[in-house]
Amino acid sequence: MSQPIEETEPREIAEFRREVRAWIEANRPGDPGFKLPQSFLEVESDRQFEFLRAWQRKLYEAGYLGLDWPAEYGGHGREGLQRIVSQEMARARTPFMVNTIGLQWAGPTILVYGSDAQKQRMLKPILSAEEIWCQGFSEPGAGSDLASVQTRAERAGDGWTVTGHKVWTTLAQHAKWMILLARTDPDVGKYDGLSYFLFPMDAAGVTVQPLVKMSGEGGFNQVIFDASPMPGDALLGELGQGWQVAMTTLTHERGAADGSGGGSLGASEGVRQVADLATRVRRHGRPAAADPAMRERLADLWIREEALRLASLRARVPGLNPERPLALRLMNKLVFSEFAQDLADVACELEGPAATLWLGDPNAPDRAEWPRAYMNSFGMTIGGGTSEIQRNILGERVLDLPKGK
């Protein structure tokens, strides 16, 4: 049996971990009395949103968000500690941070490319959840082929106007800001004609239309821009540098870079929960866990889960990855999203016909969370680049294979 992690860490790290664990135990929110989203992709109602925003604000005010960010921008300047908080939140299965896009994608990108004025203006409200962010990358005709986006940003006096259409825009209905990838020069190559903006969602001419997923939940939207005004200082980085800036964002979105303001993508389900389900579900008059074939599948899932945990630790030690230092980090999004999908799939198989029962049905095992998790898992294997795109990235950047034609 492995040692508790705090027994293998330096004293100051172990003490901080115990401090965080005790704070979470004393302050974690109780059952709100209504359905909570499983991840930031499903936040649809105002009461869900306000509950989650209050939790993020409480965590920030306690000093547990923005630990790695500079103090002059609202952080705490305590490098290397944010991951401890995220690990303890996942262990305790606390609610996720509603401003995930701001904390994990927009904020780290602004820290790299932003002017001092942009950092001063944008970063602290991200941490406190005062201002929520959404992402304007994908379009109806440009998803996996992101460089083909056609939303235009055109000069208008000292500022810009934006015309176009974005889709799968999570949290757009609550967002104050959008990280926006738009075409600023249609006469050059598609990678060179893009720029990256910090777009104000309260601008005129912006229409947010909700999209309903197959689970019946909202959270996604499409956003239409009709000559929407944008100030001149909305540009992040240099004009025409949008593709490079966007790749920085996607590196953070795929979990391949440090610098997050904190939080996690959603509640983390584990093999332990599926094994518990297998002891409660009965097949042919006995627990499903008594079936040797099912025990073998659960053992395989446990091995994968443990391998993922150890790989995450190994990825942080450069000396253990000398030949391909980015391999484990670039694998992160692919392997975690597919593992979560396989886990939910096995749980639904265990439930059998009961997996067709839905939220609110008193006979649904575990309040229908497993079939809900399975349907929601496809958002994770598609968003941030599909599994197919991730395999191409691994082939080209890790294995040095030639690009396909």
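Just so you know, all these numbers are worked out from the coordinates, no wet-lab data involved. The structure displayed is predicted, hence computed values, not measured ones. Backbone-built Cβ (ideal geometry, glycine too); neighbour counts: all protein chains shown.
In table form, for the structure just shown:
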{"read-out": "Radius 15 Å from Cβ of Leu194, net charge of other residues (Lys, Arg +1; Asp, Glu -1)", "value": "-3"}
{"read-out": "Cα centroid separation - the range 35-101 against the range 359-400, whole Å", "value": "22"}
{"read-out": "Computed helical MRE - 222 nm, the chain, DSSP H runs ≥ 4 contributing -39500 (n - 2.57), nearest 500", "value": "-12500 deg cm²/dmol"}
{"read-out": "Angle in degrees between helix 271-280 and the longest Cα principal axis of the chain, rounded to the nearest 10", "value": "40"}
{"read-out": "Overall form of the range 137-181 per C-alpha gyration tensor (a/c, 1.5; a/b vs b/c)", "value": "oblate"}
{"read-out": "By average C-beta atoms within 10 angstrom, highest first, the peptides 295-302, 378-385", "value": "378-385, 295-302"}
{"read-out": "Signed unit charges on C-beta, dipole axis of the chain, positive-most listed residue Met380, Val98, Leu235", "value": "Met380"}
{"read-out": "Neighbourhood charge, 15 Å Cβ-Cβ cut-off, centred on Leu394 and excluding it, Lys, Arg +1 and Asp, Glu -1", "value": "+2"}
{"read-out": "Stretch gain in nm, segment Lys403-Asn27, where the contour uses 0.36 nm per residue and the Cα spacing is subtracted", "value": "130.4 nm"}
{"read-out": "Among 71-78, 344-351, 305-312, 317-324, the order from most to least packed when residues are scored by Cβ within 10 Å on average", "value": "344-351, 71-78, 305-312, 317-324"}
{"read-out": "Dipole moment magnitude, nearest 20 debye, the chain about Cα centre, only Lys, Arg, Asp, Glu C-beta charged", "value": "600"}
{"read-out": "Rounded if a/c under 1.5, otherwise prolate or oblate - the range 192-248, Cα gyration tensor axes", "value": "oblate"}
{"read-out": "Residues Ile101, Ile126, Ile393 arranged by fewest to most Cβ contacts within 10 Å", "value": "Ile393, Ile101, Ile126"}
{"read-out": "Length released on extending from Asp276 to Arg324, taking residue separation times 0.36 nm less the Cα-Cα span", "value": "13.5 nm"}
{"read-out": "Protection proxy ranking, peptides 84-92, 26-34, average beta carbon neighbours within 10 Å, highest first", "value": "84-92, 26-34"}
{"read-out": "The range 120-165: GluC sites (Glu not before Pro) in DSSP loop, at most 10 other beta carbons within 10 Å", "value": "none"}
{"read-out": "Value of relative contact order over the chain, rounded to a whole percent, pairs C-alpha under 8 Å and six or more apart", "value": "14"}
{"read-out": "Between the range 283-357 and the range 124-169, the Cα center-to-center distance that results, in Å", "value": "34"}
{"read-out": "Gain in span if fully extended, Leu239 to Asp291, counting 0.36 nm per residue against the direct Cα distance", "value": "12.6 nm"}
{"read-out": "For the range 2-115: rounded, prolate or oblate by the Cα gyration tensor [a/c cutoff 1.5]", "value": "oblate"}
